[in-house]
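Beneath this line is the structure, given in C-alpha cells, with notes to follow.
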Amino acid sequence: MPILGKLKKTLDEAKISYEIYNHRLSFTAQETAQSLRHSGKKMAKVVILKANGSYAMAVVPGNRMVSLRKARLALAARDVSVAGEKEFDALFPGCEIGAMPPFGNLFGLPVYVDPALETEEEIFFNAGNHQQTVRMSYGDFRKLVNPMIISLTESRYRKAA
C-alpha cells in the first residue's frame, strides 16, 4: 500500500483534519514550499540520522539544516551522521526516496523534532511522493507522533560580532 493511503487511514481514524495538495514535482523542502507559496519554516523536512548504528527520523523546518554537533549532544551519541538514501530506502516501503512523511511511528522509527518547528500552528510535509504534500496542525501531528523535542538545527545565518 502506498504510504499516503496508510497515512490517510491513520489521520481519518484519529479524526484529524488535514488537506492534501498536488503540486509540481519538487525534490527539496524549499522547492515544495515555494511551489505551495508558503514559508519554508512551515515545511516539516525529514532527515534520516544514523546515531550509534541505529536509524532515527529528525524533523526540522525546511529552511534549516541539521547540525550533527547538536544532534550528537542532544542524543548523547558518540557517532551521528546523515544516512544516505541507499541506506534507508528499504525502511520506507510505499514511499519515493526522500519523500517520506514525518511519521516515524508508521515505520518503527523514533522521531525527533527541532523546537523551531513547534512555533508553527500548521505544518506541511511530503505525502510519500514528490508531487503531493499534506497540511495539518502541528498540535495534531504532535499528538499522533509523540516525538521527542530536541535541538537539531542552527540558524543558517550568524550574527556579526
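Tallying residues that are open to solvent by 80 Å² or more (accessible area, probe 1.4 Å) and basic (Lys, Arg) within the range 61-104 yields 4. Return a yes/no flag: does the range 38-54 have any residue that is touching a residue at least 24 places away in the same chain (Cβ under 8 Å), in a helix (DSSP H, G or I), over 16 Å from Gly128 (Cα atoms) and touching a helix residue (DSSP H, G or I) at 6+ places or on another chain (Cβ under 9 Å). Checking the range 38-54: at least one residue is touching a residue at least 24 places away in the same chain (Cβ under 8 Å), in a helix (DSSP H, G or I), over 16 Å from Gly128 (Cα atoms) and touching a helix residue (DSSP H, G or I) at 6+ places or on another chain (Cβ under 9 Å). The number of residues in the range 109-150 being more than 14 Å from Val46 (Cα to Cα), part of a loop (DSSP other than H, G, I, E, B) and at pLDDT 95 or above comes to 3. Taking residues in the range 88-108 that are free of Cβ contacts under 8 Å to residues at least 40 places away in the same chain, and partners anywhere that are among the acidic types (Asp, Glu), the pairs with Cβ atoms closer than 6 Å and at least 6 places apart or on different chains are Ile97/Glu85; Ile97/Asp89. Condition check: modelled with pLDDT of 95 or more, acidic (Asp, Glu) and more than 17 Å from the chain's Cα centre (by Cα). Does Glu87 satisfy that? Criteria not met by Glu87.
Is there a residue in the range 11-22 that is over 23 Å from Ala71 (Cβ atoms), free of Cβ contacts under 8 Å to residues at least 24 places away in the same chain and small (Gly, Ala, Ser)? For the range 11-22, residues over 23 Å from Ala71 (Cβ atoms), free of Cβ contacts under 8 Å to residues at least 24 places away in the same chain and small (Gly, Ala, Ser): absent. Restrict the check to the range 124-132 and report whether at least one residue is open to solvent by less than 10 Å² (accessible area, probe 1.4 Å), touching a helix residue (DSSP H, G or I) at 6+ places or on another chain (Cβ under 9 Å) and either over 18 Å from Lys6 (Cα atoms) or charged (D, E, K, R) (or both). Looking through the range 124-132, none of the residues is open to solvent by less than 10 Å² (accessible area, probe 1.4 Å), touching a helix residue (DSSP H, G or I) at 6+ places or on another chain (Cβ under 9 Å) and either over 18 Å from Lys6 (Cα atoms) or charged (D, E, K, R) (or both). In the set (1) within 21 Å of Lys6 (Cα to Cα); (2) outside any strand (DSSP E or B); (3) over 11 Å from the mean Cα position of the chain (by Cα); (4) of a type outside the set (Gly, Ala, Ser), the condition left unmet by Pro102 is number (3). Of the listed requirements (1) open to solvent by less than 70 Å² (accessible area, probe 1.4 Å); (2) touching a residue at least 24 places away in the same chain (Cβ under 8 Å); (3) assigned to a helix (DSSP H, G or I), Ser35 misses just one: (2).
The values are calculated or read from the model by the stated rules, or taken from the named source; none is laboratory data. For clarity, every value in this text was computed on a predicted model and none was experimentally measured. Neighbour counts are summed over all protein chains in view; Cβ atoms, including those assigned to glycine, are modelled from backbone coordinates with ideal geometry. Surface accessibility is based on the protein's heavy atoms, side chains included, excluding ligands, DNA and RNA. Shrake-Rupley method; radii C 1.70, N 1.55, O 1.52, S 1.80 Å.
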